1. Report E318's accessible area, 1.4 Å probe, all protein chains in place, as a number in Å² to the nearest 10.
2. Mind ranking E60, E475 by accessible surface for me, highest first, 1.4 Å probe?
3. May I ask you to order 740-752, 426-438, 208-220 by the average number of other C-beta atoms within 10 Å around their residues, highest value first?
4. Highest mean first, what order results for 256-267, 544-555, 62-73 on Cβ atoms within 10 Å?
5. What does the accessible area of K43 come to, in Å² to the nearest 10, when a probe of 1.4 Å is used?
6. If packing is taken as the average number of other Cβ atoms within 10 Å across a peptide's residues, how do 117-124, 573-580 rank, most packed first?
7. Using 10 Å bins from zero, what percent of all Cα-Cα pairs in the range 228-284 falls into each bin?
8. Output the Kirkwood hydrodynamic radius of the range 301-445, Cα pairs only, in Å rounded to one decimal.
Amino acid sequence: MITQRGVALSSFAGDDLRSEQAYLTTLYDRLDSLRDQADQRLKAVLLESGGTPQGRANREANRGYYADQLAQMNAVENGLCFGRLDFAADAPRYIGRLGLSAPDHDQDPLLIDWRAPASRAFYLATAVSPDGVTRRRHLRTKGRTLTAIDDEVLDIQAGRAGGREDVTGEAALLSALTAERTGRMRDIVETIQAEQDEIIRAGLNGVTVVQGGPGTGKTAVALHRAAYLLYTYRAQLTKQGVLILGPNATFLRYISQVLPSLAETGVLLATLGDMFPGVRARAVERPAVAAVKGRLAMLDVLARAVTDRQTVPDDFVEVDHDGYPLRIERTVLEDARAAARRTGRPHNVARAVFVTEAIHALSLQIAERIGADPLGGDNLLSAADLAETRRELREDVDVQQALFDFWPVLTPRQVLRDLLGDADRLASAGGDPLLLRAYDARWAPADVPLLDELAELLGIDETLKKRQAAAERREAIEYAEGVLEIVEGSRSLDFEDQEEEILSAIDVVDASAFVERHEVIDTRTAAERAAADRSWVFGHVIVDEAQELSPMAWRLLMRRCPSRSMTVVGDVAQTSELAGTTGWEQVFEPYVAQRWNLVELTVNYRTPAEVMAVAADVLAAVDPALQPPRSVRSAGVPPWALRVPRVALPAETIAAVRVEAAEVGDGRVGVLVPEALQEELGRHLVEGIPGAAVGEQPDLLNQVVLMTVRQAKGLEFDAVVVVEPDEIIAESPRGLSDLYVAVTRATRRLGVLHSGDLPKVLAALA
């Protein structure tokens, strides 16, 4: 539990408060000055126009640079400076969200970025190991006003009195932990603890797996690590981008303000359902179906689904070519198909080989018909004649349509929709009958790795892309020529009576140069470009709730990060998805063997001890070998359980929520229910409590939200009411893990409503 042992708290005179407030004012004045400078430079850049392509590219680079500077400075307005380090010999250091230099850069910095090496003692120094620090001061602010100061005196005497090394900044930490939730995750930059700091500042290379129980700050550590890596490896990661993959859209909204508050705005936040451009996969499907889609056995199913589209006729097909019947034999197409498959190229790329081989065989067939020597000699057609015949065959619409039917150009969505919607195709590919579904335009998250795998199997014919790009450029040049002709015609009319020659646009630039000067510059950020490009390679990937990802989903992510620079956070005890993992070895050994690092977080900052005592029994039922994280605080409120008649469940739920909402003031109340009860209880709750919301749609700004356990993954509430825990357990083979998640979402209060017997794992509540 948090105590004040080993920490000497200072008392403050008014002069001390006024002095710190004056320094804060100086910092904000400097921030305003730098912001004005960036704003003026951005406006100047926006006024520039024309110029060469290189000049326009430079202008866009400058525009992006100053726009990013402004976004960063606006984002750190609140809590700009939060700490100070005092040393016996050196000058004090002020620590904040952003580094600020004095107008005279030869002077010491006014504010040191929390990610800089010089700031690290703020998170690591203890009374036992002060690292030269005599005092650590936490500055708490509201807007630009100083509201409180908390000091820790780290001298030898304090250390001998029993200094602690597990929790630093106890007063500031306790204030943050007991603050009411707002529906948005807050950063922990002011209260990062030593075990968290070690993970945040780990190097860029390799896979770091952060295993931690509920409330250990896994998500916060991952987000702060993203900010640290972007600060330390700015040039590399700004270009390649950082991906943060979360479990659902509600979670992404919940964490959306953390990185901006840490002065980072260029990270791509996405769910698995967002990882295929043009697809927004949000459909809900049965867990058993998602589990089948997540297994590696789907690799063979998808490969067969593609090869099944490479067909040949039973005997032959006949098409009209230049007024004559042309017979395309099965053997011709079998040979062409075999040649295309031998290349090992993706389907759409190998199609060019199929067509070439088939056209060649057909040209020889025509040569036999029209070029045969009646006297039995060599064929009368020359090589040039054969080449012309092949050209005519390539331009023949009927021939091309026939070849297209046997080896079509395919898209991932087309193949997967046909596979899942056709019993014969599914059986031919060896797919599980569970996958068969009626036509549905919606995609589920488990479909996205399948689409990505199909994109690899199908490929893109770059020849077609180049032809399209060349055609678009020709059209642009033709348009430019027309514009310049109009300009020239206008000049002739205006100056036909003047003897002096006057230069016009057409005299100094041709159509091709005109097109080059007006080519559109891609001004998107790396994150925006990455979201639109399936083949984008990220500089670093962070995965939250990683235990829920299937083997197929991991294949997708590994393709996005061939460098294997990844931070993976999760808790195998909380795995809900049937295709998820129960051990990190099975995830990473196929990709990096033993070259990954496991770090465990053991301190629970969110869940009070009273709630964690209940959760420990559930965890023991999940896996007796797992140990719950130890809570650092007590809420002083025992969890409760209430048995009610089933018919009275809606009314009792509303009553319980009203009580909990009154207890937490402006805090948030989460009602976690079995999936089967979400619709019914949600309807009653919305009718009975104004402003209550249901499901993943709300952005958690509502005071009361009713959700399933899966929807609540990664979230936290001041108070949680769990309804019908026995049904939560029964809904899934991993129902105990779901219940463990449910009872650990609370930061202050936990209650349970049940109409049947209380599950044995919750016996402590009885």
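1. Accessible area, nearest 10 Å²: 120 Å².
2. Order by accessible area, largest first: E475, E60.
3. Descending packing order for the listed peptides: 740-752, 208-220, 426-438.
4. Final packing ranking: 544-555, 256-267, 62-73.
5. 120
6. In descending order of packing, they fall as 573-580, 117-124.
7. It works out to 21, 47, 28, 5, in whole percents.
8. 17.3 Å is the Kirkwood radius here.
The values are calculated or read from the model by the stated rules, or taken from the named source; none is laboratory data. Remember, predicted model here, so these are calculated numbers, not experimental data. Heads up, the Cβs are rebuilt from the backbone with ideal geometry, glycines too, and the neighbour counts pull from every protein chain shown. What goes into the accessible areas is simple: the full protein's heavy atoms, side chains included, and nothing from ligands, DNA or RNA. Shrake-Rupley method; radii C 1.70, N 1.55, O 1.52, S 1.80 Å.
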